[in-house]
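Mind having a look at this structure? Questions to follow.
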Amino acid sequence: MDDDIQTLLTTTRTWAIVGCSPDPARDSHRIAAMLQHRGFTIVPVNPRASEILGEPCYPTVADIPQELQVEVVDIFRRSEAAGAHVDEAIAIGAKGVWLQLGVVDLEAGKRARHAGLRVVMDRCPAIELPRLATG
């Protein structure tokens, strides 16, 4: 998994943040802001928001315009909801899926790997980026 972590954090730039909250106190908002600050293009996905962190927000991954070329689908949803978003990532041709801390769906991970995506599960980029820098 470390190879997947390193590859996704160093070779991709456009991340869809599924479950991104407009509330700055929420982890999904904080992580999206951190990625944005580090030069990543974030594409918030939340059916109840129109804009987050100055970026247009989309109701689903499938609604994101293809020209944005999402490379990673970062999932801030409960484990039981994550599989549907992994399937969306496969459908749009993403390079990887990132399931946040506490989000685990082994079957969805197998589907993603079988489709050629890199898979990171139960990890947080805010922890992994500094670890890569020192590592």
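The values are calculated or read from the model by the stated rules, or taken from the named source; none is laboratory data. Computed from a predicted structure; not experimentally measured. Glycine also receives a Cβ, built like all others from the backbone with ideal geometry; neighbour counts cover every protein chain displayed. Note: accessible area is taken over every heavy atom of the protein model, side chains too, but ligands, DNA and RNA are not part of it. Shrake-Rupley method; radii C 1.70, N 1.55, O 1.52, S 1.80 Å.
Relative contact order of segment 88-129, please, whole-number percent, based on alpha carbon pairs below 8 angstrom and at least 6 residues apart.
46
A follow-up question, please. Given contacts defined as C-alpha pairs under 8 Å and at least six residues apart, what's the relative contact order of segment 17-135, whole-number percent?
Working: 199 pairs, mean separation 23.3, N = 119.
Result for segment 17-135 is 20 percent.
Tell me, what is the per residue accessible area of the chain in Å², probe radius 1.4 Å?
Numbers: 6880 Å² over 135 residues.
Value returned for the chain: 51 Å² of accessible area per residue.
How do the peptides 24-33, 74-83 rank, highest first, by the average count of neighbouring beta carbon atoms within 10 Å per residue? Walk me through the numbers on the way to the answer.
Numbers: 24-33: 16.9, 74-83: 19.6.
My ranking of the peptides, most packed first, is 74-83, 24-33.
Rounded to a whole number, what % of the accessible area of the chain do carbon and sulfur atoms account for, probe 1.4 Å? Write out the running numbers ahead of the final one.
Working: 3450 of 6880 Å².
Answer for the chain is 50 percent, counting heavy atoms of protein chains only.
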